[in-house]
Amino acid sequence: MSTGAAEFESLLRRALSPVEPPAGLDQRLEQTLVNLTALAQEELDGWELSAMRNPRNWVRPVAAALVGVSAGSALVALRVRARHRARRQQSANIGELTRRTLRDVADEAKRILPER
């Protein structure tokens, strides 16, 4: 029974070993999120309020809004996470780290939101 458990443990250890992501994955992911956010914004800009009276016309703008919000949120999280280590080293305590992180989130959200 112990040999079976040892084999099972070694199989699990091999199966769950860390895998390095491919080079350039973070840049490709960020570019894809930027493109999705821009496409969703273009789709929303093309719709007129007069066409919204008919509920059958709501599907595309709602889908575009969901895609835009999801991609934008993921983009903010990705960019903030990329700078987290530097902020952690610059911060003296957890309160300062929290303030720096929240400020960074607000700055990234302002960069992504369209100028109005």
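The values are calculated or read from the model by the stated rules, or taken from the named source; none is laboratory data. Because the structure is predicted, anything quoted here is derived from the model rather than measured. Note that we place each Cβ from the backbone using ideal geometry, even for glycine, and neighbour counts take in every protein chain shown. For the accessible areas, the whole protein counts, side chains as well, though only heavy atoms, and no ligand, DNA or RNA atoms are used. Shrake-Rupley method; radii C 1.70, N 1.55, O 1.52, S 1.80 Å.
Taking the condition in contact (Cβ under 8 Å) with a residue 40 or more places away in the chain and either more than 29 Å from I112 (Cβ to Cβ) or among the hydroxyl-bearing types (S, T, Y) (or both), does T3 pass?
Working: in contact (Cβ under 8 Å) with a residue 40 or more places away in the chain: no; either more than 29 Å from I112 (Cβ to Cβ) or among the hydroxyl-bearing types (S, T, Y) (or both): yes.
Answer is no for this residue.
So, of the residues in the stretch 47-61 that are within 24 Å of L113 (Cα to Cα) and surrounded by 11 or more Cβ atoms within 10 Å (Cβ to Cβ), which turns out to be farthest from the chain's Cα centre (by Cα)? First the steps, then the outcome.
As a first pass, look at the stretch 47-61 and keep what is within 24 Å of L113 (Cα to Cα): 47-49, 52, 58-61.
Those left that are additionally surrounded by 11 or more Cβ atoms within 10 Å (Cβ to Cβ): 47, 52, 58, 60-61.
Working: W47: 26, M52: 29, W58: 25, R60: 22, P61: 21 Å.
Ranking the candidates gives M52 first.
All but one of (1) more than 12 Å from the chain's Cα centre (by Cα); (2) farther than 19 Å from L39 by Cα; (3) not hydroxyl-bearing (S, T, Y) hold for R79; state the number of the condition that does not hold.
Single failed check for R79: (1).
Looking at the stretch 45-64 only, could you name the residues that are without any contact (Cβ under 8 Å) to a residue 24 or more places away in the chain and closer than 30 Å to D26 by Cα?
D45, R60, P61, V62, A63 - these are the residues of the stretch 45-64 that are without any contact (Cβ under 8 Å) to a residue 24 or more places away in the chain and closer than 30 Å to D26 by Cα.
Identify, by number, the condition in (1) open to solvent by 50 Å² or more (accessible area, probe 1.4 Å); (2) closer than 22 Å to L25 by Cα; (3) not polar (S, T, N, Q) that I94 doesn't meet.
Failing condition for I94: (2).
In the list S17, S50, S10, which residue meets the criterion of being modelled with pLDDT of 85 or more and part of a helix (DSSP H, G or I)?
Answer to the check: S10.
Quick check on the stretch 87-108. Is at least one of its residues among the hydrophobic types (A, V, I, L, M, F, W, C), free of Cβ contacts under 8 Å to residues at least 60 places away in the same chain and touching a Leu at 6+ places or on another chain (Cβ under 6 Å)? Quick ask: steps written out before the conclusion?
Step one: list which residues in the stretch 87-108 are among the hydrophobic types (A, V, I, L, M, F, W, C), which gives 92, 94, 97, 102, 105-106.
Pick out the ones that are also free of Cβ contacts under 8 Å to residues at least 60 places away in the same chain and you get 92, 94, 97, 102, 105-106.
Next cut, touching a Leu at 6+ places or on another chain (Cβ under 6 Å) only: none.
No, there is no match, as no residue in the stretch 87-108 is among the hydrophobic types (A, V, I, L, M, F, W, C), free of Cβ contacts under 8 Å to residues at least 60 places away in the same chain and touching a Leu at 6+ places or on another chain (Cβ under 6 Å).
Filter the stretch 65-91 down to the residues that are of a type in the set (S, T, N, Q) and more than 23 Å from R28 (Cα to Cα), then identify the one that is least open to solvent (accessible area, probe 1.4 Å). Full working, then the answer.
Of all residues in the stretch 65-91, those of a type in the set (S, T, N, Q) come to 70, 73, 89-91.
The next check asks that each one be more than 23 Å from R28 (Cα to Cα); those that pass are 89-91.
On the way: Q89: 148, Q90: 110, S91: 20 Å².
By that ranking, first place goes to S91.
Just to check your reading of the model, which residue among L113, L36, L25 is open to solvent by 90 Å² or more (accessible area, probe 1.4 Å), of a type outside the set (S, T, N, Q) and without any contact (Cβ under 8 Å) to a residue 60 or more places away in the chain? Let's see the steps before the verdict.
Working: L36 fails: open to solvent by 90 Å² or more (accessible area, probe 1.4 Å); L25 fails: open to solvent by 90 Å² or more (accessible area, probe 1.4 Å).
L113 is the lone residue from the list that is open to solvent by 90 Å² or more (accessible area, probe 1.4 Å), of a type outside the set (S, T, N, Q) and without any contact (Cβ under 8 Å) to a residue 60 or more places away in the chain.
Applying the selection to the stretch 97-110, what residues are of a type outside the set (D, E) and open to solvent by 60 Å² or more (accessible area, probe 1.4 Å)?
Residues satisfying the conditions are T98, R99, R100, L102, R103, K110.
Would you check if there is a residue in the stretch 82-101 being in a helix (DSSP H, G or I) and touching a His at 6+ places or on another chain (Cβ under 8 Å)? Full working, then the answer.
Quick first cut of the stretch 82-101, residues in a helix (DSSP H, G or I) only: 82, 84-90, 94-101.
Restricting the remaining residues to those that are touching a His at 6+ places or on another chain (Cβ under 8 Å) gives 101.
Yes, the stretch 82-101 contains at least one residue that is in a helix (DSSP H, G or I) and touching a His at 6+ places or on another chain (Cβ under 8 Å).
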